[in-house]
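Quick one: structure below, then a few questions.
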Amino acid sequence: ELVHPEDVERVIAERKRLLSERPAEPVRVDYRIRDAKGRVRWINEHFHFQAEKPYVDGLMRDFTALREARFELEERGRLLSLILSTVSDVVFRYSMKEKRYIFMSPSIEQQTGYSVDEIKGEREEFPTEGRPRSRRGFDG
């Protein structure tokens, strides 16, 4: 069997729906197959019923690499979030174009008493001298 056993019923159901309902929009289904080398591959399949013709058009696309890259990116994001939530140093990104902080690690609150949202929302020129040109500023 080419289609993964856990996906067979869903794939068959979508194909039956295509033939019985003949929807105007394409039917899309993602499922797994086992290739000739025994590897699991993720397939995205589009079916389109041609109402005026006696056939169905289809497109199959292997998106295994994209799925794996997305999973790896999500995993790295979780790891980065964990690291940034535990270090005491402040890590930030400032947008020169938008003139605001677009990322600020949670440790900013511990160091300054201001929340991440308060700092990120503040618009100012990037501080280049001894004191920031912030409306909060320094007292002297």
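Is it fair to say Q50 is in contact with a strand residue (DSSP E or B) (Cβ under 8 Å, 6 or more places away or on another chain), polar (S, T, N, Q) and either at pLDDT 90 or above or at negative phi (or both)?
For Q50, the condition - in contact with a strand residue (DSSP E or B) (Cβ under 8 Å, 6 or more places away or on another chain), polar (S, T, N, Q) and either at pLDDT 90 or above or at negative phi (or both) - is met.
Filter region 50-76 for residues that are closer than 16 Å to I33 by Cα and among the hydroxyl-bearing types (S, T, Y) and give the result.
Once the filter is applied, which keeps residues that are closer than 16 Å to I33 by Cα and among the hydroxyl-bearing types (S, T, Y), region 50-76 yields only T64.
Looking at (1) open to solvent by less than 50 Å² (accessible area, probe 1.4 Å); (2) within 22 Å of E9 (Cα to Cα); (3) at pLDDT 90 or above, which one does R41 not meet, given that it meets all the others?
Going through (1) open to solvent by less than 50 Å² (accessible area, probe 1.4 Å); (2) within 22 Å of E9 (Cα to Cα); (3) at pLDDT 90 or above one by one, R41 breaks only (1).
Consider region 44-58. How many of its residues are open to solvent by 50 Å² or more (accessible area, probe 1.4 Å) and not in a strand (DSSP E or B)?
Final tally of qualifying residues: 5.
Taking the residues in region 67-89 that are without any contact (Cβ under 8 Å) to a residue 12 or more places away in the chain and more than 27 Å from W42 (Cβ to Cβ) as candidates, determine which candidate is farthest from the chain's Cα centre (by Cα).
Going residue by residue through region 67-89, those that are without any contact (Cβ under 8 Å) to a residue 12 or more places away in the chain are 68-83, 86.
Subset that is more than 27 Å from W42 (Cβ to Cβ): 82-83, 86.
On the way: L82: 18, I83: 20, T86: 24 Å.
The selected residue is T86.
Does E14 satisfy the criteria of being of a type in the set (D, E), open to solvent by 90 Å² or more (accessible area, probe 1.4 Å) and either in a strand (DSSP E or B) or in contact with a strand residue (DSSP E or B) (Cβ under 9 Å, 6 or more places away or on another chain) (or both)?
Details: of a type in the set (D, E): yes; open to solvent by 90 Å² or more (accessible area, probe 1.4 Å): no; either in a strand (DSSP E or B) or in contact with a strand residue (DSSP E or B) (Cβ under 9 Å, 6 or more places away or on another chain) (or both): yes.
So E14 fails the test.
Restricting to region 17-36, give me the number of residues that are open to solvent by 60 Å² or more (accessible area, probe 1.4 Å) and more than 14 Å from H4 (Cα to Cα).
Residues that pass the stated criteria total 8.
Here's another thing I want to ask about it. Where residues in region 56-66 are farther than 15 Å from R41 by Cβ and hydrophobic (A, V, I, L, M, F, W, C), which of them is modelled with the highest pLDDT? Working first, answer last.
If we filter region 56-66 for residues that are farther than 15 Å from R41 by Cβ, which is where we start, we get 56-59.
Those left that are additionally hydrophobic (A, V, I, L, M, F, W, C): 56, 59.
Working: V56: 78, L59: 90.
Restricting to residues being farther than 15 Å from R41 by Cβ and hydrophobic (A, V, I, L, M, F, W, C), the top hit is L59.
Answer yes if at least one residue in region 65-83 is surrounded by 12 or more Cβ atoms within 10 Å (Cβ to Cβ) and either outside any helix (DSSP H, G or I) or β-branched (V, I, T) (or both), and no otherwise.
Within region 65-83, not a single residue is surrounded by 12 or more Cβ atoms within 10 Å (Cβ to Cβ) and either outside any helix (DSSP H, G or I) or β-branched (V, I, T) (or both).
The values are calculated or read from the model by the stated rules, or taken from the named source; none is laboratory data. Just so it is clear, the structure is predicted and the values come from calculations on it, not from any experiment. All Cβ positions, even for glycine, are placed from backbone atoms using ideal geometry, and neighbour counts span all protein chains on display. Side chains included, ligands, DNA and RNA excluded: accessible areas come from the protein's heavy atoms. Shrake-Rupley method; radii C 1.70, N 1.55, O 1.52, S 1.80 Å.
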